[in-house]
Amino acid sequence: LMSTSEWTGVPLATVLAESGVKPDASWVLAEGSDAAAMTRSLPLTEVLKDALLCYAQNGEALRPEQG
């Protein structure tokens with residue numbers, strides 16, 4: 001997936017480290033909160049590389065309908 005947006009956020013690795021992720025954890029379950037009921041399992045090793053927990057796109061705060 002390609003995007004020309006500028007994303008602002010915090011590395012997910014930082015959030016997980018601060019929250020006390022279990023040392024033996026190997027997967028992250030991402031779950032949507034909208035009516036689509038989407039879930040996705042991701043290997044923790046991949047998430048720690050470059051995932052962002054974003055709060056802004058192109059300098060503007062994300063709206064609830066954007067996730």
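No value in this document is a laboratory result; all are computed from the given coordinates. Since we're looking at a predicted model, the values are computed, not measured. So basically every Cβ, Gly included, is an ideal-geometry build from the backbone, and we count neighbours across all protein chains shown.
Among the residues of the stretch 43-67, those that are more than 24 Å from residue 4 (Cβ to Cβ) and either of a type in the set (A, V, I, L, M) or within 12 Å of the chain's Cα centre (by Cα) (or both) comprise 44, 48.
Here residue 14 meets each of (1) surrounded by 10 or more Cβ atoms within 10 Å (Cβ to Cβ); (2) touching a strand residue (DSSP E or B) at 6+ places or on another chain (Cβ under 7 Å); (3) among the hydroxyl-bearing types (Ser, Thr, Tyr) with one exception, condition (2). Remark: pairs (first residue in the stretch 50-67, over 9 Å from residue 9 (Cα atoms); second residue part of a helix (DSSP H, G or I); Cβ separation under 6 Å; 6+ apart in sequence or on different chains) = 51/12. Within the stretch 1-50, the set of residues being within 21 Å of residue 66 (Cβ to Cβ), hydrophobic (A, V, I, L, M, F, W, C) and not in a strand (DSSP E or B) comprises 1, 2, 12, 15, 35, 36, 37, 38, 47.
Of the listed requirements (1) touching a helix residue (DSSP H, G or I) at 6+ places or on another chain (Cβ under 8 Å); (2) surrounded by fewer than 13 Cβ atoms within 10 Å (Cβ to Cβ), residue 20 misses just one: (1).
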